[in-house]
Amino acid sequence: MATQAHPFPQDFLWGAATSAYQIEGGWNADGKGPSIWDHFCHTPGHIANGETGDVACDHYHRFREDVALMRKLGLQSYRFSINWPRVLPEGTGTVNQAGLDFYRRLTDELLEAGITPFVTLYHWELPLALHRRGGWLNPETAKAFGELAEVVSRALGDRVRHYMTLNEPQCAVFLGYGTGSHAPGCQTDLVTQAAAAHHLLLAHGHAVQALRANAAEGAQVGIASTGGISYPSEDTPENRAAAYRATFRLRERALFSHAWFLDPAILGHYPASDGLSPELGDFLSQIPPEDLALIRQPLDFLGLNLYNGDEVAPDGTRVPRATGAARTALHWSVSPQAMRYAVTFLHQRYGLPLYVTENGQSCDDRIFLDGQVHDPDRIDFTARYLIALRQAVEEGVPVRGYFHWSLMDNFEWNSGYGERFGLVYVDYADSQRRIIKDSGRWYRQVIESNGASLP
Ligand code: GCO
């Protein structure tokens, strides 16, 4: 195995990520209440082929087998989320001990395997009972989320030392309350979306306070963010500056941006929204200062979910993608340099250490005649993005770790099970058996060599 002179930092953490609704199944097991995704999937017409997460990868019952797979992959850490209504079936109030016990057993299994648990409190699993009381359009939901954080950190605080409050609030708002293509399937105007975003940020504030009060001393708290990333055609100060401006400039889909959520959460104010819409400006002008004080809680790290980005020229204009440029099975562009500049620009603006909390691609994976799953596209994709990440690390950006999306094939939201992102193949049609893909074996070598095996 060729080794390079430049591995990642010695304490760099290598992992993989999943989310509750996408892998657990057990949608109504052992006292769990329904979530907006259970309801959304049970409503015909929302999900490809009428598929649901009722069973998903059956991780709720197979978690020990899956932790054993993580050990085989050599994972040092594992990012998963809490299914809110599995713990609080009505969203607040009565705790479902069986649900908490599942997460206790899962974290114990991980710790026994020497795998560090990273917990996402909200990966879009809003309890249906709270949605029926307004969901993220109701500020009271933010307080309920603080209650979830308290319950979870009391139960897991002696086991879990790394938490993310929200996963991609950008998607929760834009897809859940804008386009309606994600649960709860609402289509609302920009100001209503801004209200939902604001309540999610209040929820983040309540959750950080609860985590600080109940998690173990020294626990690390962050948020996982996504949004448009622009990267320069040339690595010159002028082109970098143009790409930085393009990355944080509010676009026509204003709320789907890192800045809309991270500026309040980390800098204590919303980004300048002049020119977006007078109504939005009015909305922002009415936000009380105490809201922003609650939202701006000290964080220990920033999580970045990064899949691709846009190339911009030194004058800031977007460079069209070359004809026939590489795309994933989901037809997402492949742009490794977006990784290098995403972590660079986010650190430049927010000053926090970072984890890449998601990165990966969907492939049209299948079981070959030899019984294996050969996925060279995923290996090439991941190698390119890790090489770009290493460039940023060598330039001094404090990236603490990398979580590949995803550990295993899973429910890809409104695309159902047709999009496979896993390092491990899930044979849904044949008793959910798991097959480690070539990329899983390749990733193990990357981990063992701390990145030195990369080209
Ligand atoms: C997201 C979510 C994941 C997705 C993954 C692939 O970023 O949308 O966090 O749940 O499955 O990103 O789309």
Going Cα to Cα from Lys72, which lysines come in below 24 Å? Please leave out same-chain ones fewer than 8 positions away.
Lys437
Projecting each Cα onto the charge dipole of the chain (Lys/Arg +1, Asp/Glu -1 at the beta carbon, about the Cα centre), which of Ala326, Leu250, Val446 comes out farthest on the positive side?
Val446
Point-to-point label distance, Ala322-Ser233, nm (Cα→Cβ direction, 7 Å offset)
1.3 nm
Thr120's amide H: which non-local residues (gap 5+, or another chain) put their own amide H closer than 5 Å, with H modeled 1.01 Å from N in plane and none for Pro or chain starts?
Phe80, Ser81, Ile82, Met164
Inter-part distance where segment 79-97 and segment 284-299 are each reduced to a Cα centre, Å:
27 Å
Three principal axis lengths of segment 300-404 [C-alpha, angstrom, descending]:
49, 34, 20
Distance-filtered residues of segment 400-437 - backbone nitrogen under 15 Å, label point 7 angstrom along His374 Cα→Cβ
437
What FRET efficiency comes out for the pair Glu65/Ala219, r = Cβ-Cβ distance, R0 = 22 Å, nearest 0.05?
0.20
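Counting only GluC sites (Glu not before Pro) that are in a DSSP loop and have at most 13 other C-beta atoms within 10 Å, tell me the longest site-free stretch of the chain.
Details: sites that count: Glu217, Glu234, Glu252, Glu395.
Counting at most 13 other Cβ atoms within 10 Å as exposed, the longest clean stretch of the chain is 1-216.
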Ser333 versus Ala113: modelled label distance in nm, points set 7 Å from Cα along the beta carbon direction:
3.6 nm
Just how many % of Cα pairs in segment 131-285 lie over 29 Å apart, if you round to the nearest whole percent?
25 percent
Simple spin-label model, 7 Å along Cα-to-Cβ: Asp189 to Arg132 in nm?
2.9 nm
Along its three principal axes, how long is segment 117-223 when you only count alpha carbons? Whole Å, largest extent first please.
42, 21, 20
With no solvent and one equal point scatterer placed on each C-alpha of segment 1-128, evaluate the Debye formula and give log10 I(q)/I(0) for q = 0.17, 0.18, 0.21, 0.22 Å⁻¹, two decimals.
-0.88, -0.96, -1.20, -1.28
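To the nearest 0.05, what FRET efficiency results for Gln286 and Gln209 with a Förster distance of 22 Å applied to their C-beta separation?
Values: r = 24 Å, r/R0 = 1.07.
My answer for the efficiency is 0.40.
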Compute the distribution of all C-alpha to C-alpha distances in segment 206-248, in bins of 5 Å from 0, and list the percent of pairs in each, rounded to whole numbers.
5, 19, 16, 10, 8, 9, 12, 12, 8, 1
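Counting other Cβ atoms within 10 Å of each Cβ, which trypsin sites (Lys or Arg not before Pro) in segment 235-324 have at most 15 and sit in a DSSP loop? Write down the numbers at each step before the final one.
Working: sites: Arg240, Arg245, Arg249, Arg251, Arg253, Arg296, Arg318, Arg321; in loops: Arg249, Arg251, Arg253, Arg296, Arg321.
Answer in residue order: Arg249, Arg251, Arg321.
Can you list which of the chymotrypsin sites (Phe, Trp or Tyr not before Pro) found in segment 331-382 are DSSP loop residues with at most 14 other C-beta atoms within 10 Å?
On the way: sites: Trp332, Tyr341, Phe345, Tyr350, Tyr355, Phe368, Phe381; in loops: Trp332, Phe368.
Hits after loop and neighbour filter: Trp332, Phe368.
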Karplus-derived 3J(HN,Hα), 6.51/-1.76/1.60, for each residue of segment 49-63, Hz, glycine and proline x
6, x, 6, 9, x, 3, 10, 6, 9, 6, 5, 4, 9, 10, 4
Of every Cα-Cα pair in segment 223-270, the percent that sits beyond 11 Å
67 percent
log₁₀ of I(q)/I(0) at q = 0.06, 0.08, 0.11 Å⁻¹ - the chain, Debye sum with one point per alpha carbon:
-0.23, -0.42, -0.84
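With the contact rule set at Cα under 8 Å and sequence spacing of 6 or more, what percent relative contact order holds for the chain?
Computed value for the chain: 18 percent relative contact order.
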Rg and Dmax in Å for segment 367-455, alpha carbons only: what are they?
14.8, 47
Starting from the Cα gyration tensor of segment 272-325, take the square roots of the eigenvalues, sort them a ≥ b ≥ c, and report rounded, prolate or oblate (rounded when a/c is under 1.5, otherwise prolate if a/b is larger than b/c, else oblate).
oblate
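Quick one: length gained pulling Asp427 to Thr179 fully straight, 0.36 nm per residue minus the C-alpha distance?
Working: separation 248, 0.36 × 248 = 89.28 nm, distance 3.15 nm.
Here the answer is 86.1 nm.
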From zero up to wherever the largest Cα-Cα distance of segment 1-74 sits, split into 5 Å bins and tell me the percent of pairs in each.
3, 12, 17, 17, 12, 10, 9, 7, 6, 5, 1
Would you list, by chain and number, the aspartates and glutamates whose Cα falls below 16 Å from the Cα of Lys32, excluding same-chain residues fewer than 8 positions away?
Glu24, Asp54, Asp58, Glu90, Asp101, Glu125
Equivalent ellipsoid semi-axes, segment 52-202, via Cα gyration tensor eigenvalues times 5, rooted, Å:
29, 17, 14
Alpha carbon centroid spacing (whole Å) that separates segment 1-72 from segment 381-455:
13 Å
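Read the figures in this text as sums done on the coordinates, not as results from a lab. All values reported here derive from a predicted model rather than from experimental measurement. As a convention, Cβ positions derive from the backbone with ideal geometry for all residues, glycine included, and neighbour counts pool all protein chains shown.
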